[in-house]
Amino acid sequence: YPSDNAGAKLLAYGAGMIGSANVLSEDRDRYLMTERELKKKWLAVSLIEPIYIDTVVLANFEHRSSSVCKFQLLGSAMYPCKQWALLGEFEANDTRSEQAFVLPQFNFLAKFLKF
(Lines give C-alpha, C1' and ligand atoms only; values in the text may rest on other atoms or scores of the structure.)
Protein backbone atom coordinates (compact mmCIF):
# COMPACT_ATOMS: atom_id res chain seq x y z
CA TYR A 1 0.00 0.00 0.00
CA PRO A 2 1.93 3.04 -1.21
CA SER A 3 1.03 5.55 1.49
CA ASP A 4 3.33 7.47 3.81
CA ASN A 5 1.11 6.30 6.68
CA ALA A 6 1.87 2.69 5.70
CA GLY A 7 5.65 3.26 5.55
CA ALA A 8 6.07 3.81 1.81
CA LYS A 9 8.90 6.11 0.78
CA LEU A 10 9.57 8.13 -2.34
CA LEU A 11 12.97 7.02 -3.65
CA ALA A 12 13.44 9.06 -6.81
CA TYR A 13 11.52 11.17 -9.32
CA GLY A 14 11.99 12.91 -12.63
CA ALA A 15 13.48 16.38 -12.89
CA GLY A 16 10.89 19.17 -12.93
CA MET A 17 8.38 17.40 -10.69
CA ILE A 18 7.30 19.57 -7.76
CA GLY A 19 5.78 18.06 -4.63
CA SER A 20 6.50 14.48 -5.69
CA ALA A 21 6.27 13.11 -2.13
CA ASN A 22 2.65 14.32 -2.02
CA VAL A 23 1.59 11.34 -4.14
CA LEU A 24 2.03 9.21 -0.99
CA SER A 25 -0.13 11.51 1.15
CA GLU A 26 -3.78 10.78 1.80
CA ASP A 27 -4.41 14.53 2.11
CA ARG A 28 -6.41 15.52 -1.00
CA ASP A 29 -5.13 19.11 -0.74
CA ARG A 30 -1.53 18.02 -1.39
CA TYR A 31 -0.53 17.05 -4.91
CA LEU A 32 2.29 16.69 -7.39
CA MET A 33 2.80 19.40 -10.00
CA THR A 34 4.69 19.29 -13.27
CA GLU A 35 4.77 21.22 -16.49
CA ARG A 36 2.59 19.72 -19.18
CA GLU A 37 5.46 19.84 -21.69
CA LEU A 38 7.76 17.77 -19.48
CA LYS A 39 8.45 14.57 -21.46
CA LYS A 40 9.66 12.18 -18.74
CA LYS A 41 7.32 12.09 -15.76
CA TRP A 42 8.14 9.27 -13.35
CA LEU A 43 8.64 8.38 -9.73
CA ALA A 44 9.95 5.37 -7.81
CA VAL A 45 8.43 4.24 -4.53
CA SER A 46 9.52 1.75 -1.88
CA LEU A 47 6.85 -0.24 -0.06
CA ILE A 48 7.38 -1.36 3.53
CA GLU A 49 7.41 -5.01 2.43
CA PRO A 50 7.15 -7.00 -0.81
CA ILE A 51 3.57 -7.58 -1.98
CA TYR A 52 1.68 -9.14 -4.85
CA ILE A 53 -0.13 -6.31 -6.63
CA ASP A 54 -3.40 -7.02 -8.40
CA THR A 55 -4.92 -3.53 -8.62
CA VAL A 56 -3.64 0.05 -8.73
CA VAL A 57 -5.89 2.98 -7.84
CA LEU A 58 -5.13 6.52 -9.06
CA ALA A 59 -7.01 9.72 -8.32
CA ASN A 60 -6.81 13.38 -9.27
CA PHE A 61 -9.06 15.68 -7.26
CA GLU A 62 -7.58 19.01 -8.44
CA HIS A 63 -10.19 20.71 -10.64
CA ARG A 64 -7.80 23.03 -12.50
CA SER A 65 -5.33 20.43 -13.64
CA SER A 66 -4.95 17.76 -16.25
CA SER A 67 -4.93 14.08 -15.35
CA VAL A 68 -2.67 11.19 -16.18
CA CYS A 69 -3.58 9.72 -19.58
CA LYS A 70 -1.41 6.74 -20.43
CA PHE A 71 0.98 5.19 -17.94
CA GLN A 72 3.07 2.15 -17.18
CA LEU A 73 3.53 0.47 -13.83
CA LEU A 74 6.92 -1.15 -13.31
CA GLY A 75 8.06 -3.29 -10.39
CA SER A 76 11.20 -4.74 -8.85
CA ALA A 77 12.18 -6.86 -5.87
CA MET A 78 15.29 -4.70 -5.31
CA TYR A 79 16.45 -1.13 -5.79
CA PRO A 80 18.37 0.12 -7.56
CA CYS A 81 17.84 -2.38 -10.32
CA LYS A 82 19.19 -2.79 -13.83
CA GLN A 83 15.79 -3.50 -15.35
CA TRP A 84 12.25 -2.97 -14.11
CA ALA A 85 9.55 -5.59 -14.80
CA LEU A 86 6.55 -4.26 -16.72
CA LEU A 87 3.48 -4.92 -14.54
CA GLY A 88 1.00 -3.23 -16.86
CA GLU A 89 0.19 -0.42 -19.27
CA PHE A 90 -2.98 1.55 -18.66
CA GLU A 91 -5.07 4.45 -19.94
CA ALA A 92 -6.91 6.68 -17.48
CA ASN A 93 -9.96 8.87 -17.96
CA ASP A 94 -9.85 12.60 -17.24
CA THR A 95 -12.06 12.43 -14.15
CA ARG A 96 -12.00 13.78 -10.60
CA SER A 97 -12.55 10.45 -8.88
CA GLU A 98 -10.62 7.31 -8.09
CA GLN A 99 -9.90 4.93 -10.96
CA ALA A 100 -8.94 1.30 -10.46
CA PHE A 101 -6.65 -0.52 -12.87
CA VAL A 102 -6.39 -4.31 -12.66
CA LEU A 103 -3.00 -5.74 -13.54
CA PRO A 104 -3.08 -8.34 -16.32
CA GLN A 105 -0.95 -10.69 -14.16
CA PHE A 106 -0.40 -10.40 -10.45
CA ASN A 107 2.16 -13.10 -9.82
CA PHE A 108 5.05 -10.67 -9.35
CA LEU A 109 6.30 -9.96 -5.83
CA ALA A 110 7.35 -6.29 -5.76
CA LYS A 111 8.76 -4.05 -3.05
CA PHE A 112 9.65 -1.21 -5.41
CA LEU A 113 7.33 0.44 -7.92
CA LYS A 114 8.00 2.88 -10.72
CA PHE A 115 5.19 4.87 -12.25
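The values are calculated or read from the model by the stated rules, or taken from the named source; none is laboratory data. What you are looking at is a predicted structure, and each value in this text was computed from that prediction instead of being measured. As a convention, Cβ positions derive from the backbone with ideal geometry for all residues, glycine included, and neighbour counts pool all protein chains shown. Protein only, heavy atoms only, side chains kept; ligands, DNA and RNA dropped before computing areas. Shrake-Rupley method; radii C 1.70, N 1.55, O 1.52, S 1.80 Å.
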Gain in span if fully extended, Glu98 to Asp29, counting 0.36 nm per residue against the direct Cα distance
23.3 nm
Tally up the carbon and sulfur contribution to the accessible surface of the chain as a whole percent, 1.4 Å probe, everything protein left in place.
51 percent
Could you list the trypsin sites (Lys or Arg not before Pro) in segment 65-115 that lie in coil according to DSSP, counting only those with at most 14 other Cβ atoms within 10 Å of their Cβ?
Lys82, Arg96
Quick one: which residues, 5 or more positions from Leu87 or on another chain, have an amide H under 5 Å from its amide H? H modelled 1.01 Å from N in the peptide plane, none for Pro or chain starts.
Leu73, Leu74, Gly75
Distance in nm between Leu10 and Lys70 label points, each 7 Å along Cα→Cβ, equals 2.6 nm
Cα-based Rg and Dmax for segment 68-115, in Å, come out at 12.0, 35
First measure r as the distance between the Cβ atoms of Leu58 and Met78, then evaluate 1/(1 + (r/R0)^6) with R0 = 35 Å and state the FRET efficiency to the nearest 0.05.
0.90
In Å², what does the accessible area per residue of the chain work out to with a 1.4 Å probe?
70 Å²
